[in-house]
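Encoded as structure tokens, the structure appears first; notes follow it.
The values are calculated or read from the model by the stated rules, or taken from the named source; none is laboratory data. Model, not experiment: these values are computed from the prediction. A quick note on method: Cβ atoms are made from the backbone with ideal geometry, for glycine too, and the neighbour counts reach across all protein chains shown. These area figures cover heavy atoms from the full protein model, side chains too; ligands, DNA and RNA do not enter into them. Shrake-Rupley method; radii C 1.70, N 1.55, O 1.52, S 1.80 Å.
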Amino acid sequence: MKVDLFDFYLPEELIAQTPLSDREASRLMVLNKRTGEINHETFRAILSYLQAGDCLVLNDTRVLPARLYGEKEGTGAKVEVLLLKQLDGDRWETLVKPAKRVKEGTIITFGDGRLQAVCEGTLEHGGRVLTFHYNGIFYEILESLGEMPLPPYIKEQLEDRERYQTVYARERGSAAAPTAGLHFTEQLLDDIRQKGVHIAFITLHVGLGTFRPVNVENVEEHDMHAEFYQMSEETARLLNDVKQRGGRIIAVGTTSTRTLETIATRHNGTFVAERGWTDIFIYPGYEFRAIDGMVTNFHLPKSTLIMLVSALAGRENVLHAYEEAVKERYRFFSFGDAMLII
């Protein structure tokens with residue numbers, strides 16, 4: 001299957017640069033995955049498409065302010081560090097710019113010496129393993145020194161960093177937000193519960209592989225980066241019960257979808273409490289074992305994300321919906337509008 005099959009025309013001005021002040025005010029395109037029928041709504045109207053007994057599954061990961069600016073000890077040369085993955089203790093897999101300045105043994109200082117890092121080695125993709133040294137609590141120092149690692153297509157500064165977090169974010173560890181969840185408010189979640197819809201939480205820490213372009217001609221040749229996930233006993237029990245009673249499982253975002261499908265695939269269509277790493281790649285031809293629908297944003301052309309959405313709703317339906325979104329001037333990508341596929 002050719003990657004070019006997932007290309008579409010997107011005017012640059014439709015790439016949302018800033019979030020709306022009201023999370024619920026975004027638009028919602030509702031796509032019927034069987035017929036391709038489209039309805040245009042505002043996000044709050046999702047209430048009318050959910051039924052008692054359904055279950056919304058949310059990814060409660062929290063984005064780290066993972067971009068740090070420091071200086072190389074001895075020369076004062078500027079170095080940018082992006083935290084990717086905690087390996088163990090204070091050792092992290094990182095990306096550094098410019099990489100040529102950071103060799104094994106290099107010391108980088110941040111925030112007048114409040115935080116220091118020593119390069120322990122290099123990685124295949126040009127990354128660096130850094131060990132951090134500090135006094136106090138690492139995450140508190142990171143909150144004060146770090147910046148949000150916004151996607152490369154967002155050029156504007158983010159005034160309120162909490163707008164790149166979901167209102168239910170709690171498990172620290174992501175390099176990017178699960179952006180389909182940015183549309184929910186506490187009030188909307190309460191109203192959804194009042195309707196008799198269950199809400200469950202999983203965790204998948206989003207890696208920068210989310211933004212990595214697909215650089216092969218054939219979809220099947222693309223390698224996904226592995227990302228850490230976990231599901232609790234409580235969530236597994238609830239999801240199995242919802243399935244048994246005939247309720248729909250609706251994943252909020254591609255990250256929730258990948259977590260649910262990873263677990264259901266490994267356990268013959270059922271859910272169990274577990275944690276681990278997943279590199280599942282979902283594209284057309286995939287047989288879904290876990291979800292019945294999903295909430296998602298509008299994704300980049302030729303990305304693994306639009307491939308996943310196409311697997312659920314059909315490539316032709318999705319590309320037609322994207323054409324309609326461009327025509328109707330929907331906002332695209334992380335701070336953009338949403339789509340409900342049911």
Search result, residues across segment 149-168 that are under 24 Å from Ala226 (Cβ atoms) and open to solvent by less than 20 Å² (accessible area, probe 1.4 Å): Pro149, Pro151, Tyr164, Gln165, Thr166
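Restrict the check to segment 225-235 and report whether at least one residue is more than 22 Å from Arg172 (Cβ to Cβ), open to solvent by less than 50 Å² (accessible area, probe 1.4 Å) and modelled with pLDDT of 95 or more. Talk me through it step by step, then tell me what you get.
So in segment 225-235, the residues more than 22 Å from Arg172 (Cβ to Cβ) come out as none.
The answer is no, given that none of the residues of segment 225-235 is more than 22 Å from Arg172 (Cβ to Cβ), open to solvent by less than 50 Å² (accessible area, probe 1.4 Å) and modelled with pLDDT of 95 or more.
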Residue within segment 304-325 that is open to solvent by less than 20 Å² (accessible area, probe 1.4 Å), in a loop (DSSP other than H, G, I, E, B) and either out of contact with any helix residue (DSSP H, G or I) (no Cβ under 7 Å at 6 or more places or on another chain) or aliphatic (A, V, I, L, M) (or both) present: no
Unmet requirement for Arg193, which otherwise passes all of (1) at negative phi; (2) outside any strand (DSSP E or B); (3) open to solvent by 10 Å² or more (accessible area, probe 1.4 Å); (4) in contact (Cβ under 8 Å) with a residue 40 or more places away in the chain: (4)
Candidate set: segment 83-132, residues that are among the small types (Gly, Ala, Ser) and more than 26 Å from His205 (Cα to Cα); chosen: the one least open to solvent (accessible area, probe 1.4 Å): Gly111
Selection count where residues are among the β-branched types (Val, Ile, Thr) and surrounded by fewer than 17 Cβ atoms within 10 Å (Cβ to Cβ), scope segment 27-66: 3
Selection within segment 179-219 - more than 30 Å from Arg44 (Cα to Cα), at pLDDT below 95 and not hydrophobic (A, V, I, L, M, F, W, C): Gly209, Arg212, Pro213, Asn215
Conditions (1) out of contact with any His (no Cβ under 6 Å at 6 or more places or on another chain); (2) more than 19 Å from Thr35 (Cβ to Cβ); (3) of a type in the set (Val, Ile, Thr): number failed by Ile306: (1)
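Every residue, every condition in (1) in a loop (DSSP other than H, G, I, E, B); (2) hydrophobic (A, V, I, L, M, F, W, C), yes or no:
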{"residue": "Leu5", "(1), (2)": "no, yes"}
{"residue": "Glu13", "(1), (2)": "no, no"}
{"residue": "Arg44", "(1), (2)": "no, no"}
{"residue": "Gly53", "(1), (2)": "yes, no"}
Near pairs, Cβ below 7 angstrom, 6+ apart or cross-chain, from segment 73-102 (under 13 Å from Leu208 (Cα atoms)) to any residue that is part of a helix (DSSP H, G or I) and open to solvent by 40 Å² or more (accessible area, probe 1.4 Å): Leu84/Leu208
Segment 13-32 residues that are β-branched (Val, Ile, Thr), paired with ones that are at pLDDT below 95 and surrounded by fewer than 20 Cβ atoms within 10 Å (Cβ to Cβ) (beta carbon under 7 Å, 6 or more apart): Ile15/Tyr153; Thr18/Glu156
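Here is a list: Thr296, Thr257. Which entry is in contact (Cβ under 8 Å) with a residue 60 or more places away in the chain, closer than 19 Å to Gly207 by Cβ, open to solvent by less than 30 Å² (accessible area, probe 1.4 Å) and assigned by the TED database to the domain that holds Tyr9? Working first, answer last.
Numbers: Thr257 fails: in contact (Cβ under 8 Å) with a residue 60 or more places away in the chain.
The unique qualifying residue is Thr296.
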Inter-residue pairs, beta-carbon under 6 Å, first in the same structural domain as Pro98 (by the TED database) and closer than 16 Å to Leu208 by Cβ and in segment 119-145, second in a helix (DSSP H, G or I) and open to solvent by less than 70 Å² (accessible area, probe 1.4 Å), 6+ apart: Gly126/Ala99
